[in-house]
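Everything below concerns the one structure shown next.
The values are calculated or read from the model by the stated rules, or taken from the named source; none is laboratory data. This one's a predicted model, so the numbers in the text were calculated from it and none came from an experiment. For neighbour counting, all protein chains shown are included, and Cβ atoms are generated from backbone atoms with ideal geometry for every residue, glycine included.
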Amino acid sequence: MNSLHSLLVVLYLFCFSRIIADTGDLIDYNYQESFSINSIEFMLGILGEDLPPPSYPISVYDVQYESHRSEDVIDTLSGLVCVPESRTKAFPILSYHHGTSLLDMNAPSITGLSFYNTEILLIGLATTSSGFITMIPDYEGIGDLEKFHPYIVADSYTRTVVNMISAVKLLSKELEGEDGFQYNEQLFLVGYSEGGYATLAAQRGIERDYNDMLKIAASLPMAGPYDLSGTMVDYILSNPIYPEPYYIPYVFTSHLWTYEGLEVDFNNYFKPFWADTLPSLYDGTHSGGEINSMMPENVLDILLDDVLDDFINNENHILRQTLEINTIIDWTPQSPTYLFHGIGDDIIPYENSQIAYNNFQNNGAQNVNIELFSEDLGGHGEVAIYCLLSGYNIMLDHQMINEKGDIDGDGIISEADFDFLILSIINDSDVTDFQWWTGDINYDNIHDIFDLLVIADMLD
């Protein structure tokens, strides 16, 4: 019996360790700065957007965390965390996914909330001061000159987001006193362009692999290249003068490094000059504008003639296969999903969103929506702010901010919360981190009669 018991203990510990290994640990964090309500209001005024007045001051941290690519490969990733300052409330986590940025020095964890990166500044100030714990991953390879970024590789974004959520929750346990914060059980995903793709990819990955751990309150993918093997290939082949030519070799090199390995011979795919040049162009030290200035008029001319011919005519070509693997339009979203796109988008055609929406509907998705903005509003860059503002208002509609005592998380303190706390005390039942926090009303780290008395007073 003793040996059986020991075996069960070992098996339990083994299983537990395997579960923990699926999400990343917090390695390190660094406090960057805080913003008062007045300073937030002033900076948002400079950015010129019509937003609700800020409700919370915020604190900003950069974090390093583990991300498990496989059982044998653990990466160290980084990101930015913006926290509303309030010890008495629990807030949703919002994972914001930024657009394409080639320069490692523009990683959110490096720029922080500054005018060096206005996208991150606007999002961080607006959402956090409205009561979201806003995390902004750098992505794999961004901010690290020693690594490449798996650009438009779906599973990479899932790993990045899931592991950073784990790191943010661990950060909440590290920070104490006036610096402490509490998350509730809501999760929002949002992003534009590459960030839109990252959002939909992470949503799919979470719903497929982490549905028992994470529940998405709303996902808001915006202007992403979801239909890589269809819409994007057709658009690139029919538009030889592509507006942002650096995108295309970025996808090609990233996919070859991801699926063929870092030792892949680019001479098998690209003309000699480009085979030698491309690896250094995407090393994190060159901007998109700098790379654009070097590209030929037709960006596909960087490919060997026989490779281009095979790419056009052979659906089994390696580059067509990698695009197919990372096409994310044929599944059934379970969470409320809001797709946004501009009809005049000249870089990522709006059909990416339209086809995704149609497929989701045909697959039986119950809560998928699409908003297409008029061509008059401009192209990819110009329409971004309209998408983000519309998505911001939707997130506010879904948002839940919980007070101490709201144990069931429904936004009100009722007899149901009182009954839940009684069961927690009597049965010593398992509760979530959020339920423990809301039930510990007097901050003594236990659930007891004194917490019940406080809830009773609230009900009276």
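Residue by residue, here is whether (1) surrounded by fewer than 22 Cβ atoms within 10 Å (Cβ to Cβ); (2) hydrophobic (A, V, I, L, M, F, W, C); (3) not assigned by TED's automatic domain parsing to the domain that holds G195 holds:
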| site | (1), (2), (3) |
| --- | --- |
| P296 | yes, no, yes |
| L308 | yes, yes, yes |
| N314 | yes, no, yes |
| F340 | no, yes, no |
| G344 | yes, no, no |
**Message:** What are the pairs with Cβ atoms under 9 angstrom where one residue, in the stretch 112-139, is in contact (Cβ under 8 Å) with a residue 60 or more places away in the chain and at negative phi and the other, located anywhere, is in a helix (DSSP H, G or I) and among the acidic types (D, E)? Sequence gap at least six, or different chains.
**Reply:** S129/E41; D138/D104
**Request:** Considering each residue of the stretch 441-459, count those that are part of a helix (DSSP H, G or I), over 12 Å from E415 (Cα atoms) and not β-branched (V, I, T), and give that number.
**Result:** 3
**Prompt:** Which fully enclosed helices (runs of 4 or more DSSP H) of the stretch 224-284 have 3 or more residues being out of contact with any strand residue (DSSP E or B) (no Cβ under 7 Å at 6 or more places or on another chain) and not assigned by TED's automatic domain parsing to the domain that holds M295?
**Reply:** 233-238
**Request:** Report, ordered by the first and then the second residue, all pairs with beta carbons closer than 6 Å, sequence separation of six or more or different chains, a first member in the stretch 19-33 that is part of a strand (DSSP E or B) and loosely packed, with under 14 Cβ neighbours inside 10 Å, and a second member that is of a type outside the set (K, R) and at pLDDT 95 or above.
**Result:** D28/Q64; N30/D62; Y31/Y61; E33/V60
**Prompt:** Which one is farthest from Y357 (Cα to Cα) among residues in the stretch 200-222 that are more than 10 Å from the chain's Cα centre (by Cα) and part of a helix (DSSP H, G or I)?
**Reply:** D209
**Asked** Condition test on F188, is it surrounded by 22 or more Cβ atoms within 10 Å (Cβ to Cβ) and at negative phi?
**Response** yes
**Item:** Scan of the stretch 66-80 for residues that are in contact (Cβ under 8 Å) with a residue 12 or more places away in the chain and part of a loop (DSSP other than H, G, I, E, B), ordered by number
**Value:** R69, E71
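Condition check ((1) of a type in the set (G, A, S); (2) assigned to a loop (DSSP other than H, G, I, E, B); (3) touching a Leu at 6+ places or on another chain (Cβ under 6 Å)) across all residues:
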| position | (1), (2), (3) |
| --- | --- |
| P296 | no, yes, no |
| V307 | no, no, no |
| I312 | no, no, no |
| E315 | no, yes, no |
| Q321 | no, no, no |
| E324 | no, no, no |
| T332 | no, yes, no |
| Y338 | no, no, yes |
**Residues located in the stretch 119-162, provided they are within 15 Å of the chain's Cα centre (by Cα) and either part of a strand (DSSP E or B) or among the aromatic types (F, W, Y) (or both)** = F132, I133, T134, M135, I136, P137, Y139, Y151, Y157
**Prompt:** When you scan the stretch 66-83, how many residues do you find that are under 21 Å from T258 (Cβ atoms) and in contact with a Gly (Cβ under 7 Å, 6 or more places away or on another chain)?
**Reply:** 4
**Request:** Evaluate the following for E185: is it more than 21 Å from M295 (Cα to Cα) and touching a Lys or Arg at 6+ places or on another chain (Cβ under 8 Å)?
**Result:** yes
**Fill in**
For the stretch 379-427 the number of residues that are aromatic (F, W, Y) and within 30 Å of T118 (Cα to Cα) is 2
**Request:** Inspect all residues belonging to the stretch 89-107 and state whether any of them is in the same structural domain as A223 (by TED's automatic domain parsing), closer than 13 Å to Q182 by Cα and either surrounded by fewer than 19 Cβ atoms within 10 Å (Cβ to Cβ) or free of Cβ contacts under 8 Å to residues at least 60 places away in the same chain (or both).
**Result:** yes
**Request:** Output the residues belonging to the stretch 169-185 that are closer than 23 Å to L220 by Cα and surrounded by fewer than 24 Cβ atoms within 10 Å (Cβ to Cβ).
**Result:** K169, Y183, E185
**Message:** I'd like to verify a number: residues in the stretch 304-318 that are under 30 Å from E146 (Cβ atoms) and touching a residue at least 40 places away in the same chain (Cβ under 8 Å), how many?
**Reply:** 1
**Message:** Quick check on the stretch 247-268. Is at least one of its residues surrounded by 15 or more Cβ atoms within 10 Å (Cβ to Cβ), among the small types (G, A, S) and over 26 Å from the mean Cα position of the chain (by Cα)?
**Reply:** no
